[in-house]
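Data block below; observations after.
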Amino acid sequence: MNNQSKEALLQEAQQLWDVLDSMRDDFEEGTGDFEARVYDVLDYLDAALNLDQNFDSALALKVELMTNELGAYEDAVEEAERLTQIAPNNPQYQAMLTAIQSKL
């Protein structure tokens, strides 16, 4: 991950997520292997966000994974709030925040 641009890190995270999502059924339920791989994707997203904390595309994918795959709604709400501050006119981000808040 060293010396990669934020865009390259996001692209790598997205590709890794696409492969992981397509292999979802290959993971045994309850083993934690799938969840561990989701955290691997989050590592790439965090690396991209370390380069630019307002990189909304990386932040949006991070929020999506935190909520939909890990059920980490409390942690994701802060990130979703940041998204709505970064891009206040993006209705998708506002809907994401509203959906997360409804789960709390």
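Just so it is clear, none of the values below were taken in a lab; they were calculated from the coordinates. Just so you know, these numbers come straight off a predicted model, no measurement behind them. Reconstructed Cβ throughout: ideal geometry from the backbone, glycine too, with neighbour counts over all protein chains shown.
Quick notes on this one:
- Scanning region 50-62 for residues that are in contact (Cβ under 8 Å) with a residue 24 or more places away in the chain and under 27 Å from M23 (Cβ atoms) turns up F55, S57, A58, L59, A60, L61.
- Subset of region 63-73 that is in contact (Cβ under 8 Å) with a residue 24 or more places away in the chain and in a helix (DSSP H, G or I) - its residue that is surrounded by the fewest Cβ atoms within 10 Å (Cβ to Cβ): E64
- Enumeration of residues in region 74-91 that are of a type outside the set (D, E), closer than 13 Å to L59 by Cα and without any contact (Cβ under 8 Å) to a residue 12 or more places away in the chain: Q85
- Condition check for Y44: surrounded by 12 or more Cβ atoms within 10 Å (Cβ to Cβ), aromatic (F, W, Y), over 12 Å from the mean Cα position of the chain (by Cα) and in a helix (DSSP H, G or I): no
- When Y39, Y73 are checked against the criterion of being of a type outside the set (A, V, I, L, M, F, W, C), within 14 Å of the chain's Cα centre (by Cα) and under 23 Å from A8 (Cα atoms), a single residue qualifies: Y39.
- Search result, residues across region 2-36 that are assigned to a loop (DSSP other than H, G, I, E, B) and either surrounded by 13 or more Cβ atoms within 10 Å (Cβ to Cβ) or in contact with a Lys or Arg (Cβ under 7 Å, 6 or more places away or on another chain) (or both): Q4, F27
- Hey, Y39 surrounded by 15 or more Cβ atoms within 10 Å (Cβ to Cβ), out of contact with any Asp or Glu (no Cβ under 7 Å at 6 or more places or on another chain) and of a type in the set (F, W, Y) or not: no
- You will find that of A76, A80, A60, the residue that is within 21 Å of L104 (Cβ to Cβ), in contact with a Ser or Thr (Cβ under 7 Å, 6 or more places away or on another chain) and assigned to a helix (DSSP H, G or I) is A76 and no other.
- Hits in region 86-104 (condition: assigned to a helix (DSSP H, G or I), surrounded by 11 or more Cβ atoms within 10 Å (Cβ to Cβ) and not small (G, A, S)): I86, Y93, Q94, M96, L97, T98, I100, Q101, K103
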